[in-house]
Amino acid sequence: MQQQPDNTFIYDQLKQLLLQLHKVDEAIALYRQVMQQQPSNTAAYNDLAALLMQQNKPEEAIALYQQRLQQQPNNVSAYRNLAMLLMQQNKLEEAIALYRQVIQQQPSDLPAYGNLAALLVRQNKPQDAITLYRQGIQQDPQNPSLYDPLASLLLQQNQVNEAIALYRQAIQQKPDNSPFYKKLADLLLQL
Amino acid sequence: MLQRRKTAEAIAAYRKVIELNPEGVEGYLALGNALMLGLPSESQLTEALGLYHQALQLEPTSALAYTGLGNVLRQQQKLEDAIAAYWQALRLDPHSDGAYQQLSSLLLLLHNTDAVIALYRHALQQRLATNAFFYTQMDRFLQQQNQLETLTSLYREGIEQYSAVPPQAGKEHFKQHFYGQLAQLFLEQKQPEKAIALY
C-alpha cells in the first residue's frame, strides 16, 4: 500500500481481511484513509457508512455524509443516503428537508418522491403525500413504481374512485402491466 | 346500471390479466369469481367452470379453485359434486373460510344431518371459524333435528378445543359460545345443577 497508495484492489482485499478477522476499528481507519486519498470514491463512503450502522454508530454515519456534503454540495446520492439514515433514526424533519433538496436537484428521482411521501404520511399529512406522489408520476408517467403506493394511500383516505381513476391512468401508460388490470378490477368490484 | 358497467369493466380487466399472464392462476380465479357475481347466466356458469378447471391445471392444490368450482356446481344444481368440491377445498386448505361458509349453508339447505355434524367437528378440530355465527346456524339446525346428545358432545369438544387456544388469539368468545349453549341445553333438559356446575 505504501508503494501503490492508489491501488484500490489492495485496499479492498485488506478491508475484507480485517473484517473477517473482526478488526472493525482497523477496517474503519482504513476506510477513512481511502477516503482521504480518493475523495471521489463513493463506494468507500457508502461501505463505511454501512459498517458504522452495523456497529450501531448511526451518528458517526450521519456525520460522515454531512462531511461528504460539505465537500460536494451537489452530490445527490449523498443527500439520498443521508436522508435514508435520518429516516431510520426517526429524524423526520431533517430527512424531509433533505428529500426536498434531492427532488429539487433531481426532479426525476422517483424513489425520493416515494420516500418523502411516506415520511409525510408518517407526519399525518396524507394530502401533501398524495400531491407529491402525483408530482412524481407526472415526472415519469411510464414508471410504474409510484402508482401502487399512491393508490394504497387513496384507499386509506377512502378515495376509492380516485384510486380507480389512477389505475385507469396507469393502464393507459403501461398497457402491458397485468397487476394494474387486476387491481383496477378488484377495486371496481369493491364498489 | 352503473354497477353493471363496473362489473363489465372489471371482467374485461381480468380477461386482460389472463391474456398478459396466462401462467398466473389468480387471473382465472378472479375472472371466474367475477362471472359468478349476481345471477350468472348459463354461459357465464360454463365459462367460470372452465376457468376454475384451468386454474386447477396450473395449481392442482388451489383450495380457492375448488371453492369456485363448488359454487358453479351448486348453481348448476349438481349438489353432490358441489359438496365434494367444497370438501376438497377444505382438505387442501383447512383455513378456507369461504369453503366452510358455502359448504355449511348447502348442507343445512339439504338437511344433511350427518354431513353437518362432520363439518361441525372438522371446524372444531381446526378451530378456524371466523365467527360464532357459523356454529350458531348449525346449532339451530341440530336442535331442530333433536340431535341433543350429539350437540352436548360437540359443545364439550368446542370448550376443550377453544380452551387450548391462548387468550391473545382473540377466540375467547367461541369458548363462551359453547359454555352458553351447553348450559342452555342443560336447562332445557331440566338439569339446572349441571348448568350451574359448568360455571
**OP:** May I ask for the distance between the Cα centers of region A:30-92 and region A:132-181, given as a whole number of Å?
**Re:** 33 Å
Original post:
Top mean-square fluctuation among B:TYR86, B:TYR100, B:TYR179, Gaussian network model of chain B, C-alpha springs under 10 Å?
Top reply: B:TYR179
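My understanding is that a pair violates if its Cα-Cα distance is over 18 Å; which of A:LYS182/B:LYS16; A:LYS125/A:LYS183; A:LYS125/A:LYS174; A:LYS174/B:LYS6; A:LYS182/B:LYS6 do that in this structure?
Details: A:LYS182/B:LYS16 9 Å; A:LYS125/A:LYS183 25 Å; A:LYS125/A:LYS174 29 Å; A:LYS174/B:LYS6 21 Å; A:LYS182/B:LYS6 14 Å.
Too far apart for the 18 Å limit: A:LYS125/A:LYS183; A:LYS125/A:LYS174; A:LYS174/B:LYS6.
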Subject >> Efficiency of FRET between B:TYR199 and B:ARG140 - r from beta-carbon atoms, R0 22 angstrom, step 0.05 >> reply: 0.45
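Quick one: dipole size for chain B, taken about the Cα centre, charges +1 on Lys/Arg Cβ and -1 on Asp/Glu Cβ, in debye to the nearest 20. Walk me through the numbers on the way to the answer.
On the way: 16 positive and 19 negative charges, 83 e Å.
In debye, rounded to 20, chain B gives about 400.
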Original post:
Taking springs between alpha-carbon atoms closer than 10 angstrom, which of A:ALA117, A:ALA129, A:ALA165 fluctuates most in the Gaussian network model of chain A?
Top reply: A:ALA165
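About the Cα centre of the protein assembly as shown, what is the dipole size in debye to 20, counting +1 per Lys and Arg Cβ and -1 per Asp and Glu Cβ, all else neutral? Write out the running numbers ahead of the final one.
Working: 31 positive and 35 negative charges, 124 e Å.
Computed charge dipole of the protein assembly as shown: roughly 600 debye.
Per DSSP H run of n ≥ 4, the term is -39500 (n - 2.57); total these for chain A, divide by its residue number, and report the mean residue ellipticity at 222 nm rounded to 500 deg cm²/dmol. Numbers along the way, then the final one.
Details: 11 runs with 145 residues, N = 191.
Taken over chain A, the calculation gives -24000 deg cm²/dmol.
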Subject >> Euclidean distance of C-alpha centroids, region B:123-174 and region B:54-121, integer Å >> reply: 20 Å
**OP:** Please work out whether chain A counts as rounded, prolate or oblate from its C-alpha gyration tensor, where a ≥ b ≥ c are the square roots of the eigenvalues and a/c under 1.5 means rounded, while otherwise a/b larger than b/c means prolate and anything else oblate?
**Re:** prolate
**OP:** Would you please give the residues with an amide H less than 5 Å from that of A:LYS174, counting only those at least 5 places away or on a separate chain, with H modeled from the backbone geometry?
**Re:** none
Original post:
Tell me, what is the FRET efficiency for A:SER77 and A:HIS22 to the nearest 0.05, using R0 = 22 angstrom and their Cβ-Cβ distance as r?
Top reply: 0.15
Subject >> Candidates B:ALA169, B:ALA89, B:ALA65, ranked by Gaussian network fluctuation over chain B, Cα under 10 Å, top entry >> reply: B:ALA169
**OP:** Would you calculate a helix-derived [θ] at 222 nm for chain B, using -39,500 (n - 2.57) for each DSSP H run of n ≥ 4 and dividing by the full residue count, to the nearest 500?
**Re:** -25000 deg cm²/dmol
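Would you mind giving the mean number of other chain beta-carbons within 10 Å of the Cβ of each residue in B:6-15, as a whole number? Spell out each step's value before the answer.
On the way: counts 7, 4, 1, 6, 10, 3, 4, 14, 7, 2.
Other-chain Cβ atoms within 10 Å of each residue's Cβ, averaged: 6.
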Subject >> About the Cα centre, charge dipole magnitude for chain A (Lys/Arg +1, Asp/Glu -1 at Cβ), debye >> reply: 300 debye
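None of the figures in this text is laboratory data; all of them are computed from the coordinates on show. Keep in mind it's a predicted model, so treat the numbers as computed, not measured. Note that we place each Cβ from the backbone using ideal geometry, even for glycine, and neighbour counts take in every protein chain shown.
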